[in-house]
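Below is one structure, written out as structure tokens; comments come after it.
The values are calculated or read from the model by the stated rules, or taken from the named source; none is laboratory data. Everything numeric in this text was worked out from a predicted model, so none of it was measured. Reconstructed Cβ throughout: ideal geometry from the backbone, glycine too, with neighbour counts over all protein chains shown. Just so you know, the surface numbers come from the protein's heavy atoms only, side chains and all, with ligands and any DNA or RNA stripped out. Shrake-Rupley method; radii C 1.70, N 1.55, O 1.52, S 1.80 Å.
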Amino acid sequence: MRERENNYLPLFETKAAKGRIAYLAYVVSVIIGICLIFAYRVINFPAQEKVTRWIWIGLFIAELWFTLYWLVTQSVRWNPVYRHTFKDRLSQRYEKYFPKIDIFVCTADHTVEPPIMVANTVLSVMAYDYPTEKLSVYLSDDGGSDLMFYALLEASQFSKYWLPFLQEIQNRTTFSRSLFFHCLPTFQ
């Protein structure tokens, strides 16, 4: 009742998994099979031969170990649940507490790191679903190539149209080379 008064919305919802009865039937059938294997091992205990007796003991210990392991792993699966998070509620509740983030993108050589990949990285980082006043993106170009400079200059012009478009459709897809590199001069 108090939750409704404060307009408190939960950050996640927990739902029980479906098919639990079928899974429990599977577990019971495996336990019955394990018991039958143990009964078979005990009934068919080797007589006097020492080599086969040691092999039998080794197999029996291995089966006991794997049975114990199986039972322990099944104990955490008796009540499977799925949690669905509400990311929009998280940002609504804690947006004023988000820290400021600085992201550095470093590049050194335009032949090893193509400008399209660097521009894609910068634009993808700028498209994060994060408050823009708390996000800073820096690019360090140690190679200082003209090609990288002009590619990122074009990317900055393109971002003025691309980022609002992404915010409008709420889809963080990568961009295509043909969108703005068709007008880039070629350097040789």
Per residue, how large is the accessible surface of the chain? Use a 1.4 angstrom probe and give square angstrom. 78 Å²
Give me a comma-separated list of calculated 3J(HN,Hα) values for the stretch 64-80, in order, Karplus coefficients 6.51, -1.76, 1.60 applied at θ = phi - 60°, integers in Hz, x for any Gly or Pro. 4, 4, 5, 5, 4, 4, 5, 5, 5, 5, 6, 5, 8, 10, 5, 10, x
Connecting C-alpha atoms closer than 10 Å in a GNM of the chain, tell me which of LEU135, LEU163, LEU68 has the biggest fluctuation. LEU68
Show that you can apply the helix-only estimate: for the chain, add -39,500 (n - 2.57) for every DSSP H stretch of four or more residues, divide by all residues, and state [θ] at 222 nm to the nearest 500. -17500 deg cm²/dmol
Contour minus Cα-Cα span, ARG93 to VAL27, at 0.36 nm per residue, comes to 19.5 nm
Pairing the Cα long axis of helix 115-126 with the longest principal axis of the chain, what angle in degrees results, from 0 to 90 and rounded to the nearest 10? 80 degrees
Long-range amide H contacts for VAL137: which residues qualify at under 5 Å (H placed 1.01 Å from N, peptide plane, sequence gap of 5 or more or a different chain)? ILE103
Mind sorting out which of [x] 121; [y] 283; [z] 176 is the real volume of the Cα convex hull per residue in Å³ computed from the coordinates? [y]
Give me the percent relative contact order of the chain, please, defined on Cα pairs under 8 angstrom at least 6 residues apart. 21 percent
Mind telling me which of PHE104, PHE66, PHE165 comes out most flexible in a GNM of the chain, alpha-carbon contacts under 10 Å? PHE66
Assigning unit charges at the beta carbon (Lys, Arg +1; Asp, Glu -1) and nothing else, what dipole magnitude in debye, to the nearest 20, does the chain show about its Cα centre? 1340 debye
Using a probe of 1.4 angstrom, how much of the accessible area of the chain is carbon and sulfur, in percent? 61 percent
